[in-house]
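The values are calculated or read from the model by the stated rules, or taken from the named source; none is laboratory data. Just so it is clear, the structure is predicted and the values come from calculations on it, not from any experiment. With ideal geometry, Cβ positions are generated from the backbone for all residues, glycine too; neighbour counts draw on all protein chains shown.
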Amino acid sequence: MSKTTTAAALAAVIAMATTGAYAQTHTVPETRVALTSQAIQPDEIRASKMIGSSVYDVQNRNIGSVKDLVLNKNGMVDAVVLDVGSFLGMGGKYVAVPIGDIKTDNNRLTLDRSKEQLQQMASYELENPNTGAGSTTSPPSGGRLGR
């Protein structure tokens, strides 16, 4: 369970437990917990399992590996960044593909593109030297994803 989900569930339990004690003096705001299921579903994949996984083409050839996932400000995955063409961590480049292009097949990640097609794509930079995006962790305070 993620830290956000755990915190939301704990807040909901505390809010329900304290409602009766304070019912005569003030009201407790409603806390909503956004859980769609209690366990990972067959059509879902954990980011921790996806990052580092090999990606195969339709001919069952290894065409790269997942380097990272890029999230937008709404918390949705904008791109899957693949490391293609590297050998022992050298000589390759990163390319970005939409999350919808990645499929799971027998617990493996597949992509309907060849290694050659990926190598012809424009390089994707995980850090932007002009803005600093991607070079640091998120600040301890500020906006929240998905809000």
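Annotations
- Checking each residue in the stretch 37-50 for being closer than 14 Å to residue 102 by Cβ, of a type outside the set (Lys, Arg) and assigned to a loop (DSSP other than H, G, I, E, B) picks out 43, 44, 45.
- Among the candidates 55, 13, the residue that is of a type in the set (A, V, I, L, M), at pLDDT 55 or above and surrounded by 11 or more Cβ atoms within 10 Å (Cβ to Cβ) is uniquely 55.
- Strands (runs of 3 or more DSSP E) completely within the stretch 51-111 that count 2 or more residues being of a type in the set (Asp, Glu) and free of Cβ contacts under 8 Å to residues at least 24 places away in the same chain: 77-84
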